[in-house]
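Okay, so here's the structure we're looking at.
The values are calculated or read from the model by the stated rules, or taken from the named source; none is laboratory data. Computed from a predicted structure; not experimentally measured. FYI the Cβ positions are ideal-geometry reconstructions off the backbone, even for glycines, and counts take in every protein chain you see.
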Amino acid sequence: MFEARMQLRGLRPLKPLFLLVALAFAQSAPAADPALVRKSLARISNTSQEPNYRQPWLPGLTMSSSGTGWVVSKDRILTNAHVVSNARFLTLEKENDPKKYIAEVEHIAHDCDLAVLKVQDPAFFKGTIPLDLGGIPEIETEVSVYGYPIGGDRLSVTRGVVSRVDFRPYAHSGIDSHLTIQIDAAINPGNSGGPVLQKGQVVGVAFQGFSGDVAQNVGYMIPTPVIRRFLTDISDGHYDRYMDLSIATFNTLNPAMRKGLGLPEDDKGVLVSSVASAGVCSGYVKPGDVILAVDALSVASDGTVELEGERVQMAEVAERKFRGDSIQMHLLRDRQIVDVTVPLPQAWPFPMQANQFDVNPTYVLFGGLLFQPLSRNLLSSVQFQNLRLNYFFEAFVPKEIYNEHPEVIVLSNILADPINTYLGEFKESIVEEVNGTPIRTLKDLADSFEKKSEFYVIKFIGNGRPLVLERSTVEAARERIRSRYGVQSELCLDATSR
């Protein structure tokens, strides 16, 4: 399912209804002159604080970084999400203006790496214009990249040629893939968030590239269809994220396979191989169904549809949708035609496999035992040796581990104390139950420890014997452990209170 989600990403230009809403953020005269463009750019300085997953009760490292933003409406700045992630203090600077303007993040979309900033002082926008959004540039045409890359404090402009329009993973989230445009202009740290212009219109936002030891002169920008979708999504004051069909499909290119499924030789339809029980298609689409069309667009045997003159992945139809919309599916089920309407009530509900930002690490500390939910952030911070944790992480979606463990609770560390001296064998194990109660979430664990009991019997997946703690000794050691290790709080269940 993880691979399927990677494939079910992408976007093309939005329908006119969406475009009208999005353009409210980008009204201006076309082909703005270069002088006005330069005045409408900003150097963003971010003082950020990383979360501390090894000692989650303590703050993480404070860091400084910079990027670029540009005026997207009369009083808002657009940039990359990774430029302003984990921000504690943001300032903006304009060319030929010595003042530093304080800003704050108003909306942020980590799945498509975009953010909108609000500036405290409206004087920042004096002499600026909202930059106009253009379309997708043609291959082999020239574009200009504006930004404040490393190597200087003044505005930099580089030029390059559009070399590819493709789907690629967005490095910021680690799992999401969308439409990207590859260019051969230099895109370096600090360029992120800067506009890429063609004929005075923004055709993309610079956001990532390969290091020189991997590929030379390969940079990527987020194209305007993705920008417009983000602006449309936040127009109601809240970002709802991308919709995802959460299904996996096989192509039906093999003639024998088509014959066995009862399909004519018309090169249409893809076979559904799995449907995630937590996804929007559950209960509407079944494994073994053949998808013949989505929203009246015929699906080819390789899983593509023809949309606005181009062959694109079928899932792009869903990516154009917003929370509360629906998608029509024309299916062949057991050799019978079936039409279903799939509602899209929410995005994929389990973000464990994506990088998380702007949130606190959640944890429970009990008797010096540190319990945390498994996540990409935790795995990247703590070098676990237990291969079971890697399996649970990778198989969380394809094996639907989330049905039994919406959160996979791990004994991630042990703060050494006499009451836990002989418990090292349980470190890096996954909690299964406490005193006979199944543990599905971190809150379940916290509730189990809150219940008055003489002993706490903790069972772990794959361990032959349980870990046993006596409540009286835990209570006696509490202040000793807190003082010794500088523990400010023994639990955090609210990841958003950052």
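Summary of computed values
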| quantity | calculated |
| --- | --- |
| Lone qualifier among ASP334, ASP325 - being farther than 19 Å from ASP289 by Cα and in the same structural domain as LEU271 (by TED's automatic domain parsing) | ASP325 |
| From the options SER375, SER380, residue that is surrounded by fewer than 21 Cβ atoms within 10 Å (Cβ to Cβ) and out of contact with any Leu (no Cβ under 7 Å at 6 or more places or on another chain) | SER380 |
| Output for segment 397-423, where each listed residue is surrounded by 20 or more Cβ atoms within 10 Å (Cβ to Cβ) and assigned to a loop (DSSP other than H, G, I, E, B) | VAL397, HIS405, GLU407, VAL408 |
| Of the criteria (1) under 26 Å from ASP233 (Cα atoms); (2) hydroxyl-bearing (Ser, Thr, Tyr); (3) exposed (fewer than 14 other Cβ atoms within 10 Å of the Cβ), which one THR128 fails | (3) |
| Single condition LYS321 does not satisfy, out of (1) in a loop (DSSP other than H, G, I, E, B); (2) of a type in the set (D, E, K, R); (3) more than 22 Å from ASP240 (Cβ to Cβ) | (3) |
| Exclusive hit being in contact with a helix residue (DSSP H, G or I) (Cβ under 6 Å, 6 or more places away or on another chain), aromatic (Phe, Trp, Tyr), at pLDDT below 95 and over 19 Å from GLY464 (Cα atoms), set PHE366, PHE350 | PHE350 |
| Unique residue being polar (S, T, N, Q) and under 17 Å from the mean Cα position of the chain (by Cα) when the list is GLN356, GLN328, GLN385, GLN372 | GLN356 |
| Positions within segment 170-199 being of a type outside the set (S, T, N, Q) and either closer than 12 Å to HIS82 by Cα or touching a helix residue (DSSP H, G or I) at 6+ places or on another chain (Cβ under 7 Å) (or both), in sequence order | TYR170, ALA171, HIS172, GLY174, ILE175, HIS178, LEU179, PRO189, GLY190, GLY193, LEU197 |
| Residue ID - nearest to the chain's Cα centre (by Cα), chosen from residues in segment 359-369 that are part of a loop (DSSP other than H, G, I, E, B) and under 16 Å from LEU411 (Cα atoms) | PRO361 |
| Candidate set from segment 422-453 (those that are free of Cβ contacts under 8 Å to residues at least 40 places away in the same chain and small (Gly, Ala, Ser)); member that is farthest from ASP494 (Cα to Cα) | GLY424 |
| Every residue from segment 383-396 that is surrounded by fewer than 15 Cβ atoms within 10 Å (Cβ to Cβ) and more than 20 Å from GLY424 (Cα to Cα) | TYR391, GLU394, ALA395 |
| Odd one out for VAL474 among (1) surrounded by fewer than 17 Cβ atoms within 10 Å (Cβ to Cβ); (2) in contact (Cβ under 8 Å) with a residue 24 or more places away in the chain | (1) |
| Meets criteria (crowded, with 16+ Cβ neighbours inside 10 Å, touching a helix residue (DSSP H, G or I) at 6+ places or on another chain (Cβ under 8 Å), of a type outside the set (Phe, Trp, Tyr) and more than 22 Å from LEU58 (Cα to Cα)) for VAL434 | yes |
| Where a residue in segment 119-139 is farther than 12 Å from GLN201 by Cα and its partner, wherever it lies, is of a type in the set (Val, Ile, Thr), with Cβ under 6 Å and at least six apart | GLN120/ILE102; THR128/VAL71; ILE139/VAL162 |
| Qualifying positions in segment 224-280 - out of contact with any Pro (no Cβ under 8 Å at 6 or more places or on another chain), assigned to a loop (DSSP other than H, G, I, E, B) and closer than 24 Å to HIS110 by Cα | GLY237, HIS238, TYR239, ASP240, ARG241, TYR242, MET243, ASP244, LEU245, SER246, ALA276, GLY279 |
| Residues (crowded, with 23+ Cβ neighbours inside 10 Å and part of a loop (DSSP other than H, G, I, E, B)) located in segment 150-172 | TYR170, HIS172 |
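Each row is one residue, and each column tells you yes or no for (1) buried (at least 18 other Cβ atoms within 10 Å of the Cβ); (2) outside any loop (DSSP other than H, G, I, E, B); (3) not charged (D, E, K, R).
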site	(1), (2), (3)
GLY60	no, no, yes
TRP70	yes, yes, yes
ILE77	yes, yes, yes
ASN96	no, no, yes
ILE102	no, yes, yes
LYS118	no, yes, no
GLU138	no, no, no
